[in-house]
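See below for the structure under consideration.
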Amino acid sequence: MADLRQVRATNLSGPQDRRLQTGSTLELNARVRKRSELPVALTIAGSDSGAGAGIQADLKTFAALGVHGTSAITCVTAQNPKRVIGIEACSAKIVRAQIEAVFEELRPAAVKTGMLFSAEIIRAVARWFSRERRCPLIVDPVMIATSGAKLLEVNAITALTRDLFPLATLVTPNVPEAEALLGISIREPEQLRQAARTIHERFGCAALVKGGHLQNTSAAIDVFYNGEVELLLSSPRVLGVNTHGTGCSYSAAITAHLARGKKLERAVRLAKEFITRAIVTSRRVGKHDVLNQTAPPWQQT
Ligand SMILES: Nc1ncnc2c1ncn2[C@@H]1O[C@H](COP(=O)(O)OP(=O)(O)OP(=O)(O)O)[C@@H](O)[C@H]1O
Ligand SMILES: [Mg+2]
């Protein structure tokens, strides 16, 4: 590997040093350097111009966890941490073309979906994944932004549950999404357990129901259920922090760990540690909080 102490910046615009030095130690070392291999993950989601959530949060998470992140953008949103100002969907055709382009040369080892927005886009994604079972698929059923903006068209919920959920390795609804999907009300951690079981029974996929939106609990509790194993994932609730983008980063972390070859339950546990660390160490950007996906594991959670 090249020794970084040998890297020098040379000002070639000065009167001397007009010629480039070739055959230097650095050049020889750089030539024989062996490249390490990165697993690939794909996110199919919307762009968030404020970069707190969406594709931008997913790619930061993939990079932080040592995975090459690729993307298929489903829609462009004009938003900041406070509000969504506008949404323009991409055509299903170009969404499909992005997925094909990535699979053609990069072979993702795991895929996640985030904001899919329309029934047409959901069906295009489902058609692609139903052709053959390619790799683990994590479906984050993004419906409503933390700010309250609608991120999924009403008629798209049926397409999501009928066409995409049965293909998913795991679905990761938050409380309002689980309530909308199941037509129930969730107020207590015990009801998260029931929701995870019902999703598994009804749609045939594992479920991770996230309790971040539960009021009056001092812990941030999520429940995982896959038909055999039930996990209660709990962390202290961090107060006074804006959690925009936690759901995207959480499902991206699960996807990254799956791409790195971890089993689903282990990937979920590691991702819960990751997202807790990202919230605890979140930082200020202007008047807002942003998650710190790149906090090292030894940083206090
Ligand atoms: N204040 C908090 N302190 C600690 N953990 C939290 C907090 N809020 C949410 N979490 C955790 O963050 C993860 C994401 O859950 P959340 O319910 O926020 O998802 P979401 O609503 O989909 O997020 P998003 O706003 O990105 O859509 C879960 O593990 C949840 O328990
Ligand atoms: Mg979410």
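Could you please give the count of residues in segment 113-161 that are assigned to a helix (DSSP H, G or I) and of a type in the set (Phe, Trp, Tyr)?
So the count comes out to 2.
Quick one: how many residues across segment 182-199 are of a type outside the set (A, V, I, L, M) and part of a loop (DSSP other than H, G, I, E, B)?
4
Would you mind telling me which numbered condition in (1) surrounded by 16 or more Cβ atoms within 10 Å (Cβ to Cβ); (2) away from ligand 2 (no atom under 16 Å from the Cβ); (3) within 26 Å of Ala259 (Cβ to Cβ); (4) not small (Gly, Ala, Ser) Arg193 fails?
Here Arg193 meets the rest and fails (3).
For Ala178, are the conditions met, namely being at pLDDT 95 or above, under 20 Å from Thr246 (Cβ atoms) and assigned to a helix (DSSP H, G or I)?
yes
Does segment 262-270 contain any residue that is buried (at least 21 other Cβ atoms within 10 Å of the Cβ) and either more than 16 Å from ligand 2 (Cβ to nearest atom) or modelled with pLDDT under 95 (or both)?
For segment 262-270, residues buried (at least 21 other Cβ atoms within 10 Å of the Cβ) and either more than 16 Å from ligand 2 (Cβ to nearest atom) or modelled with pLDDT under 95 (or both): present.
Return yes or no: is Ala159 among the small types (Gly, Ala, Ser) and within 16 Å of ligand 2 (Cβ to nearest atom)?
no
In segment 115-145, what residues are within 16 Å of ligand 1 (Cβ to nearest atom) and under 16 Å from Asp58 (Cβ atoms)?
Met115, Leu116, Phe117, Ile138, Val139, Asp140, Pro141, Val142, Ala145
Looking at segment 46-68, I want the residues that are at pLDDT 95 or above and have a partner that is basic (Lys, Arg) and crowded, with 24+ Cβ neighbours inside 10 Å with Cβ atoms under 8 Å, at least 6 apart or on another chain. Which pairs are those?
These pairs meet every condition: Asp58/Lys112.
Would you be able to tell me the number of residues in segment 252-261 that are within 13 Å of ligand 2 (Cβ to nearest atom) and surrounded by fewer than 24 Cβ atoms within 10 Å (Cβ to Cβ)?
0
Which condition number in (1) touching a helix residue (DSSP H, G or I) at 6+ places or on another chain (Cβ under 7 Å); (2) assigned to a loop (DSSP other than H, G, I, E, B) is the one that Val209 fails?
Tallying (1) touching a helix residue (DSSP H, G or I) at 6+ places or on another chain (Cβ under 7 Å); (2) assigned to a loop (DSSP other than H, G, I, E, B), Val209 fails exactly one: (2).
Those residues that are more than 16 Å from ligand 2 (Cβ to nearest atom) and not in a loop (DSSP other than H, G, I, E, B), I need them from segment 234-251; list them, please.
Matches in segment 234-251: Ser234, Ser235, Pro236.
Taking Asn174, is it in contact with a His (Cβ under 6 Å, 6 or more places away or on another chain) and touching a residue at least 24 places away in the same chain (Cβ under 8 Å)?
yes
Look at segment 197-242 and say how many of its residues are buried (at least 20 other Cβ atoms within 10 Å of the Cβ), in contact (Cβ under 8 Å) with a residue 40 or more places away in the chain and within 9 Å of ligand 1 (Cβ to nearest atom).
Total satisfying the criteria: 4.
The values are calculated or read from the model by the stated rules, or taken from the named source; none is laboratory data. Keep in mind that this is a model prediction, so the values were computed, not measured. Virtual Cβ from ideal backbone geometry, glycine too; neighbours counted across all protein chains shown.
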